[in-house]
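Taking it in order: structure first as structure tokens, then the write-up.
The values are calculated or read from the model by the stated rules, or taken from the named source; none is laboratory data. Please read all numbers here as calculations on a predicted model, not as lab measurements. Counting neighbours? That spans all protein chains shown, and the Cβs are built from the backbone with ideal geometry, glycine included. The area values use the complete protein model at the heavy-atom level, side chains included, leaving out ligands, DNA and RNA. Shrake-Rupley method; radii C 1.70, N 1.55, O 1.52, S 1.80 Å.
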Amino acid sequence: EQGRKMSKRLGNVVDPMAVIAEAGADAMRWYFYVNNPEVPSRFSAKLVREAAQGFLLPLWNALSFFSIYANLDGWRPKSLAAPDPRSLKKLDGWILLELATTAEQVGSSLDAYDVTSAAQRIEAFVDDLTNWYIRRSRSRFWSDDLESTSKQSAFETLHFVLVTLAKLIAPFVPFVSDEIHGRLVRGQGLEGAAESVHLEDWPTNLADRFSGDETLEFSKGMRIAKQIVGLGRAARNAHELKTRQPLAGMTVVGSD
């Protein structure tokens, strides 16, 4: 109540409780994590919403995408173990290697009390997951062949990624992370499932399992592809060409 009265007197002061009521506590947390709280910056309900839309919304969409197709196909995880690398497609190995790298970097940043770098790395990974892995894998989830190795690999990979991601974001957005864990782990009746994501162990040593030569080479190709797409978008913006407008052609000049 005192905060509201102070806000009225000062005029431009934002009432944080009103922002939490509108956007949610986790959205407020994420805004401060991804924007260094030690550096003076603007704050408003709009900026908190934008932070949530850039991270929490894509993450929730990824969970919804998985849940819809898993329920349609009656797919259920058999265990909490990581997928067998021998059954993975190259795209699966790539996102799992990116997940392993993210977990390692986030752990190191948190050990150094660098919360902002950790949050920004997680946000970058969610962009890879939603705009690259899921977009490039949609046809596998849409396939009518329920027993195909490709489709099973896609389900196993995305489930493992989302479960592991819930553990990584638990210190940042405790409510959202526990909701994801509840849907994908506790709700599946899996053996060894913890009662909360906050009782799970921190994911470590993931890279040892998914860092084969083929995966590393494919990851290098993905980095180049992402760089080319970024340059293409920049060229479109420079010439005011909308993303959905087809081009007659495009030339990419590489150093090699």
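What the table below lists for this structure:
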read-out	value
Nearest-20 debye value, the chain charge dipole, Cβ charges on Lys, Arg, Asp, Glu	1100
Sum of -39500 (n - 2.57) over DSSP H runs of 4+, divided by residues of the chain (222 nm, nearest 500)	-20500 deg cm²/dmol
Cα Rg, Dmax (largest Cα-Cα span) when computed across the chain, Å	20.6, 65
Cα-Cα pairs of the stretch 58-197 separated by more than 20 Å (percent)	45
Nearby aspartates and glutamates by direct alpha-carbon distance to Lys151 (threshold 12 angstrom, same-chain neighbours under 8 apart not counted)	Asp73, Asp92
Rounded percent of accessible protein surface that carbon and sulfur make up, the stretch 26-135, 1.4 Å probe	51
Trp75 accessible area, assembled protein chains, probe 1.4 Å, Å²	30
Accessible area in the full protein assembly, largest first, 1.4 Å probe, for Phe175, Phe218	Phe175, Phe218
Listed residue pairs exceeding 24 Å between alpha carbons, taken from Lys90/Lys226; Lys46/Lys242; Lys46/Lys226; Lys167/Lys226; Lys46/Lys167	Lys46/Lys242; Lys46/Lys226; Lys167/Lys226; Lys46/Lys167
Positive-end residue, the stretch 62-220 charge dipole about Cα centroid, Cβ charges, pick of Ser117, Gly192, Tyr133	Tyr133
GNM top mover of Leu97, Leu47, Leu162 - the chain, alpha-carbon springs below 10 Å	Leu47
The chain, accessible area per residue, ligands and nucleic acids excluded (1.4 Å, Å²)	60
Surrounding net charge for Leu56, when Lys and Arg each add one and Asp and Glu each subtract one, Cβ distance under 12 Å	-2
Relative contact order %, the stretch 125-221, counting alpha carbon pairs below 8 Å whose residues are six or more apart	18
